[in-house]
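Structure first, commentary second.
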């Protein structure tokens, strides 16, 4: 059942089957990758008129097919077990509730015994507490089985209703003041009743009606592992073939970004087989836009959690340098900045007789050194370059490049920039010490320490950088972190290429700004790079906030910028992924509610760290107090 971005995995759904082997054979003959089917015979609970004993006997008799009708390979590769859709453990009818509870547990035990890769559970109402209680032991104890919660995009009660009636239903609230007819609210309630689990996901069923944009955004943040496409939502084109409406086509392609599997359910049109729907969906899938350069390079990193670098405490490895150096866009921008700085620093009339001193601090394996030399050649200026690097392993490469490429144009310095005694002052100081949140890899501390060997009127590249913050719904990443046993897991900022996520506010707010040269370096006590900021956001739609997304932008020099801010992201630049700043306990947000966040950047003689909390719409504790769980060492 595995799928990837290069292919579409499609299964055929059956409402009921008299022979599972026959159903599998039909599905495979029609070209489907798997089948989604009940694994017991259907029963009609109402037939027994509240006679629990008779109902339980019917449940027993529904388990009529042996596990030997399919091989283990077939059960484990081709069958998604669909729980009987009559089951309703939250029914107000005591008889149906009791019968459903017993039947559900038996079907779950049987499906796990069969070794199916996935079990699909129906979700048809806001009443989910007993459902959660019944399935919780199975979800937590079955290590390999995936669970798909089949949720409709639009609740059945809203489909085809008149506008006045639909508006009334949309405003209806539960006892907990939640919308009664929002299927996302049903899912949200169910997943919050259970312990976080990466194997507990959504099978979202497309409906003839499509919810508004806010509703779609709610679902885009969720772990949609399957998209259910009923044959009933297809139209018939002029050739008599089934097609989706333009709106449903756009919706299908929109959710394909999350790489779900697809399940076709319902009867085929008269005279057709289900293969025609399969072929159409493959055709539609092929119409996706080709991946951008950025998407191609970052493939496989989506929602992958990385600990931020410790550039002062640790020496980077060769592979890390290599990854950074693959980003041509960043270095193009840096070269443009150096070119502009050299032109401003040395007028054309002085170009032949003046040499600019350029110090590349944190030179790594030399990409900025090379770009500095290239910039000088491009604008016809002379430079004398110092490559300052504390990592002795990177220095080996720098010295090799000096011998084979740079010669006397470059002086290699194997020292920490904060302690190096420079033989002369620099006209231009160039560095690439920025982290995903701008200052989180200690660029302020490093550049303040190096500023003493910059001329009073010297130029720093970058000149300034700003961090940004916005509330985010990111179920997958937060659930992954929640699975860690260490308490620090949810009190640490992470570098994550956020993919299965949605921003919960329309505006991304600035946080901390640093400028270089820093005028505070002349203070007797030195500069103070500690910060505190309160920022407020208004929720653009209801959702579950799992924390914050962090970004940065930087003015390198003049009008040359680099940015990972979503609205100004430097095209195709992939050196930095966003930060994810988690909340230990996710917070339910209603549309229009205010989120008030507090963020500190703190420091002592040995380390720098962040603390954060919220005070609206509810109060959280202060995360990472005192840098107990995460810090960056000086």
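Quick note: the coordinates plus some simple rules give every number you see, no bench work behind them. Quantities reported herein were computed from a predicted structural model and do not represent experimental measurements. Glycine also receives a Cβ, built like all others from the backbone with ideal geometry; neighbour counts cover every protein chain displayed.
Given the C-alpha atoms of the range 311-379, compute the convex hull and give its volume per residue in Å³. Walk me through the numbers on the way to the answer.
Details: hull volume 6.0 nm³, N = 69.
So the per-residue Cα hull volume is 87 Å³.
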Quiz item: Applying 1/(1 + (r/R0)^6) with R0 = 41 Å to the Cβ-Cβ distance of residue 393 and residue 509, what FRET efficiency is obtained, to the nearest 0.05?
Solution: 0.55
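Hey, fewest Cβ within 10 Å first, where do 533, 359, 417 land in order? Write out the running numbers ahead of the final one.
Numbers: 533 16, 359 28, 417 25.
Ordered by Cβ neighbours within 10 Å, fewest first: 533, 417, 359.
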Quiz item: What whole number of Å gives the distance from the Cα centroid of the range 518-540 to the Cα centroid of the range 324-376?
Solution: 29
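Rounded if a/c is under 1.5, else prolate if a/b is larger than b/c, else oblate: which is the range 85-150, with a ≥ b ≥ c the root eigenvalues of its Cα gyration tensor?
prolate
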Exercise. Order by neighbour count: 205, 611, 520, fewest other Cβ atoms within 10 Å first, most last.
Key: 520, 611, 205
Quiz prompt | For the range 10-287, Kirkwood radius (reciprocal of mean inverse C-alpha pair distance, Å) | solution = 19.7
Practice problem: Run the numbers on the chain and let me know its relative contact order in percent, using alpha-carbon pairs under 8 Å that are six or more apart. | Solution: 11
Quiz item: Can you list, bin by bin at 5 Å, the percent of alpha carbon pairs in the range 382-468, starting at 0?
Solution: 3, 13, 22, 23, 20, 13, 5, 1, 0
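Using C-alpha positions alone, give me the convex hull volume of the chain per residue in cubic angstrom. Don't skip to the answer; put the middle values down first.
On the way: hull volume 122.4 nm³, N = 634.
Given the Cα convex hull of the chain, per-residue volume reads 193 Å³.
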Quiz item: What is the order of 446, 521, fewest Cβ neighbours within 10 Å to most?
Solution: 521, 446
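Could you estimate the translational diffusion coefficient of the range 341-390 from the Stokes-Einstein equation, with Rh from the Kirkwood formula over C-alpha pairs, at 10 °C and 1.306 mPa s, in whole µm²/s?
Numbers: Rh = 11.2 Å.
Rounded, D is 142 µm²/s.
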Quiz item: What is the Cα centroid distance between the range 237-256 and the range 580-604, reported in whole angstrom?
Solution: 39
Quiz item: Over all Cα pairs of the range 494-567, how is the pair count split among 5 Å bins, expressed in % and running from 0 up to the last occupied bin?
Solution: 3, 10, 18, 19, 18, 13, 10, 6, 3, 1, 0
Quiz item: How much length, in nm to one decimal, is gained on full extension between residue 349 and residue 319, taken as 0.36 nm per residue of separation minus their Cα-Cα distance?
Solution: 6.4 nm
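Mind giving me the FRET efficiency for residue 616 and residue 407? R0 is 56 Å, r the Cβ-Cβ distance, nearest 0.05 is fine.
Numbers: r = 61 Å, r/R0 = 1.09.
After rounding, the FRET efficiency stands at 0.40.
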Quiz item: For the range 285-427, taking Cα atoms only, what is the radius of gyration to one decimal and the Dmax to the nearest whole Å?
Solution: 18.2, 62
Quiz item: How much FRET efficiency would the formula 1/(1 + (r/R0)^6) give for residue 310 and residue 95, where r is the Cβ-Cβ distance and R0 is 51 Å, rounded to 0.05?
Solution: 0.25
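Take the alpha-carbon positions of the range 464-633, form their convex hull, and give its projected area averaged over all directions (one quarter of the hull surface) in nm². Please list the in-between numbers first.
Values: hull surface 43.4 nm².
Result: 10.8 nm².
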Exercise. Determine the gain in length on full extension of the stretch residue 241-residue 486; use 0.36 nm per residue of separation and subtract their C-alpha separation, reporting nm with one decimal.
Key: 82.7 nm
Self-check item: Alpha-carbon centroids, the range 73-141 and the range 1-68: separation in whole Å
Solution: 13
Exercise. May I ask for the percentage of alpha-carbon pairs in the range 524-569 that lie more than 14 Å from each other?
Key: 73
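So if each residue of separation counts as 0.36 nm, and I subtract the Cα-Cα distance between residue 86 and residue 567, what length gain in nm does that give?
Details: separation 481, 0.36 × 481 = 173.16 nm, distance 4.74 nm.
Additional length available on full extension: 168.4 nm.
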